[in-house]
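The values are calculated or read from the model by the stated rules, or taken from the named source; none is laboratory data. This structure is a prediction, so every number in the text was calculated from the model and none was measured. Cβ: placed from backbone, ideal geometry, glycine included. Neighbour counts: every protein chain shown. The accessibility values were calculated without ligands, DNA or RNA, using every heavy atom of the protein model including side chains. Shrake-Rupley method; radii C 1.70, N 1.55, O 1.52, S 1.80 Å.
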Amino acid sequence: MKNGRSRKYRALERLRIASQAVFFGLFAYLFIGAHYTGEDYIGSTVQRFFHFDPLLALITIVSARLVYAWFAFALVTVAATVLFGRVFCGWVCPLGAVNQMSSFLFKKAKLLKPPREDKASLAPKYYILVLVLVGALLGLDLAGYLDPLSFLTRSFALAVLPSLAQALSGLGGILYGLGAAGLARSVSQLLQNWTIHTTFVQGFSAGLFFLAAIGLNARKERFWCRYLCPTGALLGLLSRWNLVKLRIDGEACIKCGLCTQHCETQAHPYPNEGWKSGECVYCLDCASRCPTGAIHFPLSARFEKATNVSNVDLSRRKLLVTTLAGLAAAPFFRLTPSRKRASLKLLRPPGSLPEDKFLAKCVKCGQCMRACPTGGLQPVLTEAGPEGIYTPKLVPKIGYCEYYCSLCTQVCPTGAIRKLTIEEKNQVKMGTAWLNKSRCIPHVLGRPCVVCEEHCPVSPKAIKLVEVATRLPDGTVAVQKAPFIDVERCIGCGICENKCPVVDDPAIFVTSVGESRSEKNRLLLDISGGSAEAPYK
């Protein structure tokens, strides 16, 4: 049989692979660039990708009841999808590129063998989309957990890059041991230049989810894109009227089935009338593989009857059940004590919106955690309830809020953290420091210690020194200067807790009370005026 493979589509397929490589490279470049470089300006980062994501735009607008101007760029993706189908999934999406590369490697390793014809239901991602939309109507932002850009950025920020840094650090130690000190110093310098933090309280779980997403490609090619991606489902619905149609030349087709067997997203190219236009990501693999060049993608304005919806079997009854399940499940995400009383350790980044609006806009991408120069921003586990998992909080024991830094306010893709100047940011109160006198060195041991006062960046200082007398075991009295906290001036940056010499459980600690963004989370007694005895009169 004469090889009639289409050179045109083989060239277009290579162009598509190059496009994926370029966009993934751009994503990685912007992601790695989101770090402190010596000045309080981070420029453009990977949050620009988010602004082209129509699912995040839709969910953020619906759940927060606010329009974020940057999401106007999502209309570009919508227009491209309406005209040309799911080209975003096949040519742009960085997680799609990761999944496709993984699938390719699994196939090369013979761990993945494409079935002759795959009839598994593609409906799950549409039901996930319905659940996300129902949650948004109730003010719940669930898109960030499975949206491809949020998922990939969070995985890279909390797990992939920290793991890479750990590996490089280990390599540096080996190089030192082998006497290659110059090369080891280069590795160490690289890690410092990129400001990669290796400590994240949920890094392990984020890494497991990422590895699971990659590993599923050994079962089905582009498993995430086929069954889980709500963004892909939304784009699939938008693409049903696109102008690019698949056509098979009946005379040239030899019915070998290669196109359907190797289809990356189960779009079922053959027979032509069974093609699922909403599932096709226009990878062009079918046209490139066709041994007789029978497959083409001409432009046609004719309405495509065989839509993804009808082919995927989204029955009204199942959609109704899914909607009701979403309505029933949404309240469970808010069964948390933090709605009754503010969480002690939930120190949100400066510029964060009030908690309910923050949760409605945060897409859990981890960009702020990546940008934090001290590594103090960590993912939340339970402090904000189920809907707050993977949102950011400051953990002073790990890192503090740098006084001359506002990077986290510059990288938030949805405005959950407002952009602030240094001057504005230093007027924001994240919480309040408190003193545990039972662990404070001057109070307990009668020894000198002024570390917290020295590090306090507020001017005039929020931590002052007063003389205290401590009776020692031998009966003598030691008089030392001990910290006293001016709660009105304290901004809750956490540097005092971070630098406290009592390492395991610092004698000075920060809680969220008094935070600027909340009108309720504050001292119930008025301490702003009068003497200390005034409240009890």
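Mind listing whichever residues of the range 232-246 are in a loop (DSSP other than H, G, I, E, B) and in contact (Cβ under 8 Å) with a residue 60 or more places away in the chain?
Initially, the range 232-246 is screened for residues in a loop (DSSP other than H, G, I, E, B), giving 242-243, 245-246.
Result: Asn242, Leu243.
Among residues belonging to the range 231-259 that are open to solvent by 30 Å² or more (accessible area, probe 1.4 Å) and of a type in the set (D, E, K, R), point out the one that is farthest from Phe49 (Cα to Cα).
Applying the filter and picking the extreme gives Glu251.
What number of residues within the range 191-228 are more than 15 Å from the chain's Cα centre (by Cα), not in a helix (DSSP H, G or I) and not charged (D, E, K, R)?
Looking only at that region, the number is 5.
Select, from Pro442, Pro460, the only residue that is more than 26 Å from the chain's Cα centre (by Cα) and modelled with pLDDT under 95.
On the way: Pro442 fails: modelled with pLDDT under 95.
So the residue among Pro442, Pro460 that is more than 26 Å from the chain's Cα centre (by Cα) and modelled with pLDDT under 95 is Pro460.
Give just the number: which of (1) surrounded by fewer than 23 Cβ atoms within 10 Å (Cβ to Cβ); (2) in contact (Cβ under 8 Å) with a residue 12 or more places away in the chain; (3) of a type in the set (Ser, Thr, Tyr) does Tyr270 not satisfy?
Of the numbered conditions (1) surrounded by fewer than 23 Cβ atoms within 10 Å (Cβ to Cβ); (2) in contact (Cβ under 8 Å) with a residue 12 or more places away in the chain; (3) of a type in the set (Ser, Thr, Tyr), the odd one out for Tyr270 is (1).
When the residues of the range 25-46 are filtered to those that are touching a Leu at 6+ places or on another chain (Cβ under 8 Å) and open to solvent by 60 Å² or more (accessible area, probe 1.4 Å), which remaining residue is nearest to Asp141 (Cα to Cα)?
Across the range 25-46, the extreme among qualifying residues is Ser44.
Across the range 75-99, what is the total count of residues that are among the hydrophobic types (A, V, I, L, M, F, W, C), assigned to a helix (DSSP H, G or I) and closer than 25 Å to Ile214 by Cα?
8
Can you report the number of residues in the range 356-387 which are on the phi > 0 side of the Ramachandran plot and free of Cβ contacts under 8 Å to residues at least 60 places away in the same chain? I'd like the intermediate steps shown before the answer.
At the first step, the residues of the range 356-387 found to be on the phi > 0 side of the Ramachandran plot are 364, 366, 375, 385.
Narrowing the set further to residues that are free of Cβ contacts under 8 Å to residues at least 60 places away in the same chain leaves 385.
Final tally of qualifying residues: 1.
Kindly indicate whether any position in the range 463-479 is within 30 Å of Ile417 (Cβ to Cβ), open to solvent by less than 30 Å² (accessible area, probe 1.4 Å) and assigned to a loop (DSSP other than H, G, I, E, B).
No, there is no match, as no residue in the range 463-479 is within 30 Å of Ile417 (Cβ to Cβ), open to solvent by less than 30 Å² (accessible area, probe 1.4 Å) and assigned to a loop (DSSP other than H, G, I, E, B).
Are any of the residues in the range 14-24 in contact with a Gly (Cβ under 8 Å, 6 or more places away or on another chain), in contact (Cβ under 8 Å) with a residue 60 or more places away in the chain, within 30 Å of Leu133 (Cα to Cα) and crowded, with 17+ Cβ neighbours inside 10 Å?
Taking the range 14-24 as the starting set, the residues that turn out to be in contact with a Gly (Cβ under 8 Å, 6 or more places away or on another chain) are 16, 20.
Subsequent filtering for residues that are in contact (Cβ under 8 Å) with a residue 60 or more places away in the chain retains 16, 20.
Retained after the next criterion (residues that are within 30 Å of Leu133 (Cα to Cα)): 20.
Now narrow it down to the ones that are crowded, with 17+ Cβ neighbours inside 10 Å: 20.
The answer is yes; a qualifying residue exists.
Among Asn436, Asn426, which is the only one that is touching a residue at least 24 places away in the same chain (Cβ under 8 Å), open to solvent by 10 Å² or more (accessible area, probe 1.4 Å), out of contact with any helix residue (DSSP H, G or I) (no Cβ under 8 Å at 6 or more places or on another chain) and within 25 Å of Ser44 (Cα to Cα)?
Working: Asn436 fails: within 25 Å of Ser44 (Cα to Cα).
From the options Asn436, Asn426, the qualifying one is Asn426.
Every residue in the range 194-215 that is under 21 Å from Thr391 (Cβ atoms) and at pLDDT 90 or above, please.
Selection gives Phe200, Gly203, Phe204, Ser205, Ala206, Gly207, Leu208, Phe209, Phe210, Ala213.
Out of the residues in the range 396-415 that are touching a strand residue (DSSP E or B) at 6+ places or on another chain (Cβ under 9 Å) and within 10 Å of Pro349 (Cα to Cα), state the one that is surrounded by the fewest Cβ atoms within 10 Å (Cβ to Cβ).
Thr409
One line per residue, one yes/no per condition, for (1) surrounded by fewer than 24 Cβ atoms within 10 Å (Cβ to Cβ); (2) at pLDDT below 95; (3) under 21 Å from the mean Cα position of the chain (by Cα):
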| position | (1), (2), (3) |
| --- | --- |
| Arg48 | yes, yes, yes |
| Leu66 | yes, yes, yes |
| Leu83 | yes, yes, no |
| Lys119 | yes, yes, no |
| Pro124 | yes, yes, no |
| Ile128 | yes, yes, yes |
| Leu137 | yes, yes, no |
| Asp141 | no, yes, yes |
